[in-house]
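The values are calculated or read from the model by the stated rules, or taken from the named source; none is laboratory data. Keep in mind that what you see is a predicted model, and the values were worked out from it rather than measured. A quick note on method: Cβ atoms are made from the backbone with ideal geometry, for glycine too, and the neighbour counts reach across all protein chains shown. Heads up: the accessible areas ignore ligands, DNA and RNA and are worked out on the full protein's heavy atoms, side chains in. Shrake-Rupley method; radii C 1.70, N 1.55, O 1.52, S 1.80 Å.
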Amino acid sequence: MNFFLFIIGFTSEENIGMIPRVNITVAVKDPDIDSPSDPGGSEITPATRPDVMEWVLPASDTWTSPGQLTLAVLIVFLLSTSIICSNALLLVAVYRFKRLRNPSNYFVASLASADFGLGLLLPPGLYFEFTRSHVRCIVLCLLPYCLFILLCSVALLSITAVAVDRCTSLASPLKYNNIITHGSVVRYIALFWIYSLLLSSFPLLYWFSAKGSSITHNCSFITVVLWPSRVFLFTVLFVPCTLLVISSYGYVYAVARSHARAIFSAELSFRQHPLSGPKYGRTLAGTVGLFCLLWMPFQVVAFTDSLNEKTVFYLGLLAIASAATDPWMYGYRSAEFRIASIRILETTFPQLSGALHKPQVRRASMISCPSHARLGLTPNHVTHTADTMCATFIEIPIIARPLEEVAAAQV
């Protein structure tokens with residue numbers, strides 16, 4: 001009668017932080033039959049015995065719970081779908097409508113292309129995260145990380161370019177068309193991709209210069225992207241981009257605030273009730289705040305090796321989540337992008353025509369009515385009371401024009 005003999009051996013690793021590997025050997029042996037031997041009298045060793053099987057358990061215990069696996073898959077699925085759909089619509093709008101192909105929108109298109117690549121790379125990256133414990137070749141191990149570094153670098157540089165472009169339009173309005181041209185923007189975008197490609201190859205080059213080995217026993221981000229490489233990326237990429245973004249939007253806020261004060265002082269001479277404050281401050285604060293909120297936490301990885309692998313994974317997802325918010329912060333806030341996107345969706349899905357665009361009625365309001373001087377309009381007849389000065393001008397409800405007329409006029 002056969003019985004199973006289980007031999008469990010633990011082998012320790014020389015590298016610090018390595019998880020012991022468990023070898024389970026199952027040997028089938030019949031106690032009533034002697035071990036076979038060859039004619040020369042040499043006994044068959046267990047290593048060559050055909051009825052001996054061996055399994056090697058994964059060397060990582062990062063993803064062992066079904067709940068953790070389900071949560072990671074669900075987050076990546078929702079995030080990837082949102083990134084791909086929103087950025088693809090933005091790129092199609094720039095490609096289809098000539099009016100959107102201006103130098104400023106080229107930076108937005110570069111940002112959308114990098115974010116779109118991140119959305120496509122997320123599902124394979126999740127599969128790599130689950131199976132990286134079996135990867136031993138350092139090139140195959142570092143390749144996914146280098147691709148993510150490449151696309152994130154292009155996204156950061158494009159966000160910085162958008163901020164600098166808006167700052168330049170206010171700082172030098174007369175020279176803006178000579179500084180930001182189609183040719184110069186194309187060259188800048190090409191430099192963004194070349195510079196990002198050089199940065200993404202640095203972790204692999206530094207590994208071979210420091211370790212000189214093509215084999216690794218742990219394929220986690222902190223292990224293979226060495227500490228000097230992470231500090232280098234933080235210093236030459238994230239710090240300059242963050243400083244430029246904050247300083248550019250700070251200058252935009254200062255200029256917009258001074259202009260708004262001048263406009264408000266002119267408007268107060270036409271009315272008795274003061275207007276509510278503008279929304280530009282909250283818009284700029286939201287843009288800078290969201291940038292720092294999504295990108296800052298992952299930068300902790302550059303200064304420590306003690307973070308859990310799962311923590312690094314979720315911090316990376318938080319940084320990549322900016323690819324889902326970028327189209328709304330830098331693209332769809334523009335009326336031209338919104339109208340172009342609605343036209344594309346209505347062309348692709350005709351059944352959504354009524355749901356995407358509904359006539360809107362603007363009612364008369366003393367507080368929200370802008371002055372005629374600011375709009376450059378002349379009322380049909382003059383009123384003599386401050387309470388009816390604006391209400392008389394829009395006393396009849398103004399129905400929004402059909403989408404086709406608006407699109408033909410603006411796109």
Q.
Between residue 127 and residue 214, what's the calculated FRET efficiency when r is the beta-carbon distance and R0 is 22 Å? Round to 0.05.
A. 0.45
Q.
Between residue 77 and residue 344, what's the calculated FRET efficiency when r is the beta-carbon distance and R0 is 25 Å? Round to 0.05.
A. 0.55
Q: With a 10 Å radius around each residue's Cβ, average the other Cβ atoms per peptide and rank 202-211, 152-161, 216-225, 138-147, highest first.
A: 152-161, 216-225, 138-147, 202-211
Q. What does the charge count near residue 111 come to, summing +1 for each Lys or Arg and -1 for each Asp or Glu among other residues with Cβ under 13 Å from its Cβ?
A. -3
Q) How would 295, 193 rank on accessible area, largest to smallest, probe 1.4 Å? A) 193, 295
Q: Quickly work out the residue 201-to-residue 64 label distance, labels modelled 7 Å from Cα along the C-beta direction, and quote it in nm with one decimal.
A: 4.1
**Q.** Estimated FRET transfer efficiency when R0 is 35 angstrom, pair residue 306-residue 194 (beta carbons, to 0.05)
**A.** 0.50
Q | Accessible-area composition of the stretch 52-195, carbon plus sulfur, in percent [1.4 Å probe] | A | 71
